[in-house]
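K.L.:
This is the structure I have questions about; it appears just below.
Bear in mind these aren't lab numbers, they're just calculated from the coordinates by the rules spelled out. These figures come from a predicted structure and were not determined experimentally. Don't worry about glycine lacking a Cβ; one is built from the backbone with ideal geometry, like all the others, and counts go over all protein chains shown.
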Amino acid sequence: MNDLKNKVALITGGTGGIGSAICDRLAHAGARIVTTYRNEEKAKAWAAERAYDPMIVHCDVGSYDDCSGMKEAIEAAMGPPDIIVNNAGITRDATFKKATPDHWRQVITADLDSMFNVSHQFVIGMTERGWGRVVNISSINGQKGAFGQTNYSAAKAGVHGFTMALAQEVARKGVTVNTVSPGYIATEMVMAVREEVRDQIIAQIPVGRLGKPEEIAALVAFLVSDDAAFITGANLSANGGQHMH
Ligand code: CAA
């Protein structure tokens, strides 16, 4: 379907569950892959397991300065990215009563500030070159809210606001910006939810199971292809029918 040969794709948080599947899928389509990491040991082990040769760069996407350093490192090694997948994110789940300012700040910084911090490094260059793809990974819980996730739901709802505004600014320059909102996918993040709570969540998914990371990666691969040039500012859900809108 896709031919991403000669394209450079930056996937933030590419060593995690969904990120890893996105890296593999875009590499399979011919893209050269670069990902950010925070845990060097994990990232090196991850890179060594790949069938291709990804670039890994240390970066806290919540820090603008770190992202500026990442830009220099990537551009020196590979040239500017044509594709950005803003995938890195964290949860700090707690009921509102138990939530702390620190929980709030960590999630807003990692999941929402990162959209600006990373995209701001590269999107202007994309518009100057006349082609680019930005895919922002949000969540079903940014669309419907979730018990214990005031921080995460706020950040993830903000992601799509960012998408819609940026999409309008760059649409005439060959750059599309879209949101993908996964439902509950079988990753470490979802497996960290207590088993009985997770079972209750799965019972609410019409398809009857958790999603697979590869099912999110397939959607991202389509959005970054030339075939998706007319799709911009959209929020595409992949949630097994758990939230329909
Ligand atoms: N709706 C209404 N009431 C609920 C509820 C819900 N969904 N969930 C729990 N409650 C009730 C409980 O029954 C309990 O009531 P009582 O005090 O009357 O017994 C009360 O609220 C407190 O619930 P917990 O015992 O669960 O409280 P806790 O402090 O031990 O745990 C929590 C709170 C950590 C938020 C836990 O409920 C939890 O893990 N919830 C799931 C949160 C979630 O969906 N996270 C998604 C992570 S994956 C992800 O984010 C990826 C993605 O994009 C989808």
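K.L.:
Given H placed 1.01 Å from N in the peptide plane, which residues other than close sequence neighbours of residue 211 have an amide H under 5 Å from its amide H?
P.N.:
Close amide H contacts, sequence-distant or interchain: 184, 185, 186.
K.L.:
Mind checking which lysines have their C-alpha under 18 Å from residue 156, skipping anything on the same chain fewer than 8 residues away?
P.N.:
The reachable lysines, counting only those whose Cα sits under 18 Å from residue 156, are 144.
K.L.:
Let me ask something else. Could you give each residue of the range 106-117 its phi-based ³J(HN,Hα) in whole Hz, using Karplus coefficients 6.51, -1.76, 1.60 with θ = phi - 60°, and x for Gly or Pro?
P.N.:
Once θ is set to phi - 60°, the couplings for the range 106-117 become 4, 6, 5, 5, 6, 9, 10, 4, 4, 4, 6, 4 Hz.
K.L.:
Follow-up question, since we're still on this one. Hey, can you grab everything whose amide H is under 5 Å from the amide H of residue 55? Only 5+ residues off in sequence or another chain; H modelled, so Pro and N-termini drop out.
P.N.:
33, 34, 35
K.L.:
Give, in nm to one decimal, the length gained when the segment between residue 244 and residue 64 is fully stretched (0.36 nm per residue of separation minus the Cα-Cα distance). Before the final figure, lay out the partial values.
P.N.:
Numbers: separation 180, 0.36 × 180 = 64.80 nm, distance 3.51 nm.
Gain in length upon complete extension: 61.3 nm.
K.L.:
Follow-up. Amide H of residue 181: which non-local residues (sequence gap of 5 or more, or other chain) have their own amide H closer than 5 Å, using H built in the peptide plane?
P.N.:
Here 138, 236, 237, 238 satisfy the definition.
K.L.:
Counting only Cα, what are the radius of gyration and maximum Cα-Cα distance Dmax of the chain, in Å?
P.N.:
17.0, 51
K.L.:
Take the Cα gyration tensor of the range 105-159, multiply each eigenvalue by 5, square-root it, and list the three semi-axes largest first, rounded to whole angstrom. Intermediate values should be presented prior to the final figure.
P.N.:
Values: eigenvalues 145, 29, 5 Å².
In descending order the semi-axes read 27, 12, 5 Å.
K.L.:
Let me ask something else about it. Taking the Cα atoms of the range 121-200, what is the range of coordinates along each of the three principal axes, in descending order and whole Å?
P.N.:
Per principal axis, max minus min of the Cα coordinates gives 51, 20, 18 Å.
K.L.:
How many lysine pairs in the range 1-111, separated by 8 or more positions in sequence or lying on different chains, have Cα atoms less than 27 Å apart?
P.N.:
Working: 5/44; 5/71; 7/42; 7/44; 7/71; 42/71; 44/71.
Lysine pairs meeting the criterion: 7.
K.L.:
Figure the gain on full extension for residue 44 and residue 6 (residue separation times 0.36 nm, minus the Cα-Cα span) and round it to one decimal in nm. Write out the running numbers ahead of the final one.
P.N.:
Values: separation 38, 0.36 × 38 = 13.68 nm, distance 2.38 nm.
Residue separation times 0.36 nm, minus the Cα-Cα distance, leaves 11.3 nm.
K.L.:
When you take every Cα atom in the range 103-245, what is the radius of gyration, and what is Dmax, the widest Cα pair distance, in Å?
P.N.:
Answer for the range 103-245, Rg first and Dmax second: 15.8, 51 Å.
K.L.:
Most fluctuating residue of 95, 12, 179 in a GNM of the chain with Cα springs under 10 Å: which is it?
P.N.:
95
K.L.:
Sort 231, 33, 74 so that the residue with the fewest other Cβ atoms within 10 Å of its own Cβ comes first and the one with the most comes last. Numbers along the way, then the final one.
P.N.:
On the way: 231 15, 33 26, 74 21.
The order, fewest Cβ neighbours first, is 231, 74, 33.
K.L.:
Still on this structure: How large is the helix-only mean residue ellipticity at 222 nm for the chain, computed as the sum of -39500 (n - 2.57) over DSSP H runs with n ≥ 4, divided by its residue count, in deg cm²/dmol to the nearest 500? Present the calculation step by step, with values, prior to reporting the outcome.
P.N.:
Working: 10 runs with 110 residues, N = 245.
Value at 222 nm, helices only, nearest 500: -13500 deg cm²/dmol.
K.L.:
So, one more: Taking 0.36 nm per residue of separation and subtracting the Cα-Cα distance, what length does fully extending residue 214 through residue 106 add? It would help to have the intermediate numbers written out before the result.
P.N.:
Working: separation 108, 0.36 × 108 = 38.88 nm, distance 2.75 nm.
Working it through step by step, the gained length comes to 36.1 nm.
K.L.:
Among 180, 145, 59, which residue has its Cα positioned farthest towards the positive end of the charge dipole of the range 53-210, with +1 placed on the Cβ of Lys and Arg, -1 on the Cβ of Asp and Glu, and the dipole taken about the Cα centre?
P.N.:
Selected residue: 145.
K.L.:
When the Karplus curve 6.51 cos²θ - 1.76 cosθ + 1.60 is applied with θ = phi - 60°, which whole-Hz ³J(HN,Hα) does each residue of the range 71-82 get, with x for Gly and Pro?
P.N.:
3J(HN,Hα) across the range 71-82, in whole Hz: 4, 4, 5, 5, 5, 5, 8, 10, x, x, x, 8.
K.L.:
Along the charge dipole of the chain, which of 96, 134, 110 sits closest to the positive end, that is, farthest toward it, with unit charges on the beta carbon of Lys, Arg, Asp and Glu (+1, +1, -1, -1)?
P.N.:
My answer, from the dipole projection, is 96.
K.L.:
If you plug each phi of the range 90-96 into the Karplus form 6.51 cos²θ - 1.76 cosθ + 1.60 with θ = phi - 60°, what whole-Hz ³J(HN,Hα) values come out, in order, with x for Gly and Pro?
P.N.:
So the Karplus estimates, Gly and Pro as x, are 9, 10, 9, 6, 6, 4, 4 Hz.
K.L.:
Further question: Residues of the range 126-150 with the amide nitrogen closer than 20 Å to a label point 7 Å from the Cα of residue 188, along Cα-to-Cβ, please.
P.N.:
Output list for this probe position: 137-139.
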